[in-house]
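K.L.:
The structure follows.
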């Protein structure tokens, strides 16, 4: 019996060193060397100050900005520590109320409601933190943003197109627009 303890302890120490120290150190080093921006949170800086992350949405509800997807995290919107889906089904009255409230907010902000509203403007994402919207959702807001900022719609549309990211490797995912990056570019365009 005593002879079994020594190999068990040696195996425990070796596996702990490999899986608890060596592997995490190698993966951290690899991530820092190859994917430095992403490994450090994909932070977006403006004038030397961090203003957000390209991976987590932010609350934009002023009419002069493009709005992102609704956040399912509560009570604080876009709280990464509370990341979760809403789990509201299509027949749930809370989902219906949330959609109606967002439609009312879009209308109150001066959005042209004559066209069908893209679904990602009135529903939350699976994580509740999605930083991106579809190009259709961005296009839907161009007229409102241009009008509020006294810009030409064609100039705002060109900015949306510049910040539209296509499918990864041309086949994975859907085209999308990062709302924070677009709004920062919009502010920079107006101040230049």
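Rule-based calculations on the coordinates, nothing more; no lab input. Quantities reported herein were computed from a predicted structural model and do not represent experimental measurements. Backbone-built Cβ (ideal geometry, glycine too); neighbour counts: all protein chains shown.
K.L.:
How far, in degrees from 0 to 90, does helix 23-34 lean away from the longest principal axis of the Cα atoms of the chain, to the nearest 10?
P.N.:
40
K.L.:
If you don't mind, there's one more thing I want to ask. Over all alpha-carbon pairs in segment 1-40, figure out the percentage whose distance exceeds 15 Å.
P.N.:
Every Cα pair in segment 1-40 considered, those over 15 Å come to 57 percent.
K.L.:
Would you report the distance distribution of C-alpha pairs in segment 136-178 as whole percents per 5 angstrom bin, up to the bin with the largest distance?
P.N.:
6, 23, 27, 19, 12, 7, 5, 1
K.L.:
Okay, moving on. Hey, what D do you get for the chain in µm²/s if you plug the Kirkwood alpha-carbon radius into Stokes-Einstein at 4 °C and 1.567 mPa s?
P.N.:
D = 66 µm²/s.
K.L.:
Moving to a separate point now. If you build a Gaussian network model of the chain, linking Cα atoms that sit under 10 Å apart, which residue out of 131, 118, 24 swings the most?
P.N.:
Of the options given, 24 has the highest mean-square fluctuation.
K.L.:
How high is the relative contact order of segment 54-192, in percent, with contacts defined as C-alpha pairs under 8 Å that are six or more residues apart?
P.N.:
29 percent.
K.L.:
Right, something else. I'd like the FRET efficiency for residue 165 and residue 14, computed as 1/(1 + (r/R0)^6) with the beta carbon distance as r and R0 of 41 Å, rounded to 0.05.
P.N.:
E(calc), rounded to 0.05, equals 0.40.
K.L.:
Please find, in a Gaussian network model of the chain (springs between Cα atoms separated by less than 10 Å), the residue of 147, 49, 64 whose mean-square fluctuation is greatest.
P.N.:
49
K.L.:
Which one, 33, 138, 146, has the greatest fluctuation when you compute a Gaussian network model over the chain with C-alpha springs under 10 angstrom?
P.N.:
33
K.L.:
Could you tell me which of rounded, prolate or oblate describes segment 1-112, using a ≥ b ≥ c as the square roots of the eigenvalues of the alpha-carbon gyration tensor, with rounded for a/c under 1.5 and, failing that, prolate when a/b is larger than b/c and oblate otherwise?
P.N.:
Oblate shape, in that a/c is at least 1.5 and b/c is the bigger or equal ratio.
K.L.:
Also, quick follow-up: Given the rule -39500 (n - 2.57) for each run of at least 4 DSSP H residues, summed and divided by the residues of the chain, what is its mean residue ellipticity at 222 nm, to the nearest 500 deg cm²/dmol?
P.N.:
So the calculated ellipticity at 222 nm is -14000 deg cm²/dmol.
K.L.:
If you don't mind, there's one more thing I want to ask. Quick check on segment 64-175: take the gyration tensor over C-alpha atoms, sort the square-rooted eigenvalues as a ≥ b ≥ c, and tell me if it's rounded (a/c under 1.5), prolate or oblate.
P.N.:
oblate
K.L.:
For segment 106-164, just say rounded, prolate or oblate: build the C-alpha gyration tensor, square-root its eigenvalues into a ≥ b ≥ c, call rounded for a/c under 1.5, and beyond that prolate if a/b exceeds b/c, oblate if not.
P.N.:
Cα axes put segment 106-164 in the oblate bin.
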